[in-house]
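Okay, so here's the structure we're looking at.
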Amino acid sequence: MGGRVLVTGANGFLANHLVRDLLAEGYTVVATVRDVSDPVRTDRLRHHAASLGCPERLELREADVLDADPWKDLLAGCDGLFHTAAVFSLNGPSGVILNTANLGTEHLLQAAAEAGVNRIVYTSSTAAVGSGPRGRPKDEDDWQSGSSMPYTAAKTESERRAWRIAKEHDLDLRVINPTAILGGGFSRPPPSVDWMPDLLSGAWPVIPAIPMAFVHVEDVAHAHRMAYEVDEAEGRFVLAPHSGMTMVDVARTARRLRPQSKAPKRSLPRRLLPVAVFYDWLMGLRTGERTLTRAVVRGYMRGDSLYSSSKAERVLGMTWRSFDACVEDTIRAFEERSA
């Protein structure tokens, strides 16, 4: 298809794979990062362009989604927009998470309307789809309600805001709702995979049976491009091919793929997840970081991780990498970082 497109947060886990996919398909990519002088943010992007023999089709630009000013000019001459930039933290500062999601959405979509960029692919999450009710696969018609987790609330509120702005300006908005993203190819380990070294090293005495669903990062990147290219694509697209699982499935698969690892064999049942909150609190006193807060666990205990990805398969033609590939590629990425 080709053309000129802008990708926000281009150094991110998903976005750098998306940039590579777009370059490989002949697009010129305006890739925005918050600091173009930081090699951690730009080296992987430059490598993608160089390895594909098209450095002239990668334009690195510095911009922050919280700043409304530069976006109209950056979008001038673009055919499309991929808005992926967000703060991914289950329990980080709520103001930062909400502002980045909501103001970023407003700034980018308003600028796109002013610049005449109509087709937009927006990265949301199954956090905006929700995890309830239990026992029924959730799909594009479902919406999260009543979560006290800042990340979940932000993804839900910002996606709803995106749809309102798109309707107001008659924008052709397509939304991708991926679940937990696994795989390699990151500059800094994102929260969706940064727990893997602890799991493999035996740092966790037991593995909590937290409901989870998973998808490979390269499949998510491909789905973004297909959502942009397929004219019939409209609405939301849930990407959760490996659903109805728990963290126990990750540990079991990791032990099989890496028999020498110390991935825990014992699990903590769902009904005992509040015990994990207390353990996480104790660990947080030492590390200064929290993962399983009461709000997080409350969300896990209300629902499950069953989702349907049939719309993405039917409309976008999606096929999926195996769960083994999701775990293997994540493990290998950390092995390569420590080599």
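The values are calculated or read from the model by the stated rules, or taken from the named source; none is laboratory data. All values reported here derive from a predicted model rather than from experimental measurement. All Cβ positions, even for glycine, are placed from backbone atoms using ideal geometry, and neighbour counts span all protein chains on display.
Selection over region 198-235 of residues that are over 17 Å from G317 (Cβ atoms) and outside any helix (DSSP H, G or I) gives a count of 13. Only one of (1) charged (D, E, K, R); (2) surrounded by fewer than 20 Cβ atoms within 10 Å (Cβ to Cβ); (3) modelled with pLDDT of 95 or more; (4) not in a helix (DSSP H, G or I) fails for E168. Which number is that? For E168, the exception is condition (4). Taking K155 as the residue in question, decide whether it is without any contact (Cβ under 8 Å) to a residue 60 or more places away in the chain and either surrounded by 21 or more Cβ atoms within 10 Å (Cβ to Cβ) or at negative phi (or both). Here the answer is no, as K155 does not meet what is asked. The residue list R174, R160, R188 contains one member that is over 12 Å from the mean Cα position of the chain (by Cα) and modelled with pLDDT under 95, which is R188.
Selection within region 236-261: residues that are assigned to a helix (DSSP H, G or I) and touching a strand residue (DSSP E or B) at 6+ places or on another chain (Cβ under 7 Å). The member of this set that is surrounded by the most Cβ atoms within 10 Å (Cβ to Cβ) is A251. Counted as qualifying within region 27-83 are the strands (runs of 3 or more DSSP E) with 2 or more residues that are touching a residue at least 40 places away in the same chain (Cβ under 8 Å), namely 27-33, 80-83. Of all the listed residues (D198, D231), the sole one being out of contact with any Gly (no Cβ under 6 Å at 6 or more places or on another chain) and at pLDDT below 95 is D198.
Would you check if there is a residue in region 101-116 being of a type in the set (V, I, T) and crowded, with 23+ Cβ neighbours inside 10 Å? Yes, that holds for at least one residue. Within region 23-59, the residues that satisfy the criterion of being buried (at least 18 other Cβ atoms within 10 Å of the Cβ) and polar (S, T, N, Q) are T28, T32, T42.
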